[in-house]
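Engineer: Take this structure, written in structure tokens, and hold onto it; I'll ask about it next.
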Amino acid sequence: MRKIYVIGIGAGDPDHLTLQAAKAIGRTDVFFLLDKGEEKESMIELRRRLMKAYGRPSRRVVTGTDPARDRTPADYEGTVADWRSRRSEVVEALISEHLLADETGSFLVWGDPSLYDSTIAILDEILARGQTLFEYEVVPGISSVSALAAKHRTGLNRVGQPFEVTTGRRLAEGWPAGVDDVVVMLDARQAFAAYPEAYVCWGAYIGTPDEILMSGVVAEVGDEILRVRAEARERHGWIMDTYLLRRG
């Protein structure tokens, strides 16, 4: 039976890699990469560094093209489901063609595979079709959420209180009920600006040499975050940022 590892590699710092992840990389025969275009080449480069540092000399690397998708769809859930289905077809073809019987393949996932990543769902979709068989194991990684809290030297929750992890799209619809502390990911619309009284701990490219950190009351630092964020996105061609929004 072919085996696949889904390996969380951390938020961007090579030192985020856990011993468990390093050992899984060392057992891998074939690494699968999805090309997202030149603008995200730096994300691929970290994966190459980790493969070189911990992988077998005989390792193979195969690359597929990540399907494009509409980033501002009218039907968000339907668009994402369609994109995942098309992505699963690309991934299935790579596994079928390049992973031999009794070999081990790996996907190196940015951050942690359990948090806003599609790899697990895609592998489950492939298995559900019943045409390509394998077993898989998930190796957790340091997420941008935990790295953000560490960089800002803060906890995610206050004493005895819950917190929620959500997206910028959902925050734009309103502050989540029942919590005063909200971690926000995938925020292309900078929804924090609607809460000037809240305190924000913001970070972009966390763990990389391009890391940017800012914090303060939104009314005082919000405009500067927007300016810095726009400049960084223009400079790099992409941005990954996360923030903790806190009120009360």
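Engineer: Quick one: Cα centre-to-centre distance for the range 78-153 and the range 1-29, in angstrom?
Structural biologist: The range 78-153 and the range 1-29 have Cα centres spaced 12 Å from each other.
Engineer: Further, regarding this structure: From Cα pairs below 8 angstrom and at least 6 apart in sequence, can you work out the relative contact order of the chain, rounded to a whole percent?
Structural biologist: Computed value for the chain: 24 percent relative contact order.
Engineer: So, one more: Quote the charge dipole size of the range 145-246 about the Cα centre in Debye, to the nearest 20; the model charges only the Cβ of Lys and Arg (+1) and of Asp and Glu (-1).
Structural biologist: So the magnitude is around 180 debye.
Engineer: When the C-alpha atoms of the chain are aligned to their principal axes, what extent does each axis show, in angstrom, from largest down?
Structural biologist: 58, 40, 39
Engineer: At a Förster distance of 25 Å, what's the computed FRET efficiency of ALA193 paired with ALA232, Cβ-Cβ distance as r, to 0.05?
Structural biologist: For R0 = 25 Å, the calculated efficiency reads 0.90.
Engineer: Now for a separate question. To the nearest 20 debye, what charge dipole does the range 3-142 have about its Cα centre, counting +1 at the Cβ of each Lys and Arg and -1 at the Cβ of each Asp and Glu?
Structural biologist: The dipole magnitude comes to about 520 debye.
Engineer: Rounding to the nearest 20 debye, state how big the charge dipole of the chain is about its Cα centre with +1 on each Lys and Arg Cβ and -1 on each Asp and Glu Cβ.
Structural biologist: That gives the chain a dipole magnitude of about 560 debye.
Engineer: For the range 1-56, with equal point scatterers placed on the C-alpha atoms only and solvent neglected, what are the log10 I(q)/I(0) values from the Debye formula at q = 0.22, 0.25, 0.26, 0.30 1/Å, to two decimals?
Structural biologist: Debye intensities relative to I(0), on a log10 scale: -0.90, -1.11, -1.18, -1.40.
Engineer: Still on this model: What do you get when you divide the Cα radius of gyration of the range 1-125 by 2.2 N^0.38 Å, with N the number of residues?
Structural biologist: For the range 1-125, the normalised Cα radius of gyration comes out at 1.06.
Engineer: Continuing with this model, one more query. Translational diffusion coefficient of the range 145-246 at 20 °C, 1.002 mPa s, Stokes-Einstein with Kirkwood Rh over Cα pairs, in µm²/s as a whole number.
Structural biologist: Taking Rh from Cα pairs, D becomes 157 µm²/s.
Engineer: Let me ask something else about it. Using a Förster distance of 22 angstrom, determine the FRET efficiency expected from the C-beta separation of GLU41 and ARG153, and round it to 0.05.
Structural biologist: The value I calculate is 0.10.
Engineer: For the range 145-246, what is the relative contact order in percent, using Cα pairs closer than 8 Å and at least 6 residues apart in sequence?
Structural biologist: 30 percent
Engineer: As an exercise, use a Förster radius of 22 Å and the Cβ-Cβ distance of THR18 and ARG56 to find the FRET efficiency, rounded to the nearest 0.05.
Structural biologist: It comes to 0.75.
Engineer: Starting with the fewest neighbours, write out HIS16, HIS236 ranked by other beta-carbon atoms found within 10 Å of each beta-carbon.
Structural biologist: Lowest to highest Cβ neighbour count: HIS236, HIS16.
Engineer: If amide H atoms are built 1.01 Å from N in the plane of the peptide, which residues on other chains or at least 5 residues away come under 5 Å of the amide H of ILE4?
Structural biologist: Here GLY105, GLU135, TYR136, GLU137 satisfy the definition.
Quick note: the coordinates plus some simple rules give every number you see, no bench work behind them. Remember, it's a predicted structure, so these values are computed and weren't measured experimentally. Positions of Cβ are backbone-derived with ideal geometry, glycine not excepted, and every protein chain shown enters the neighbour counts.
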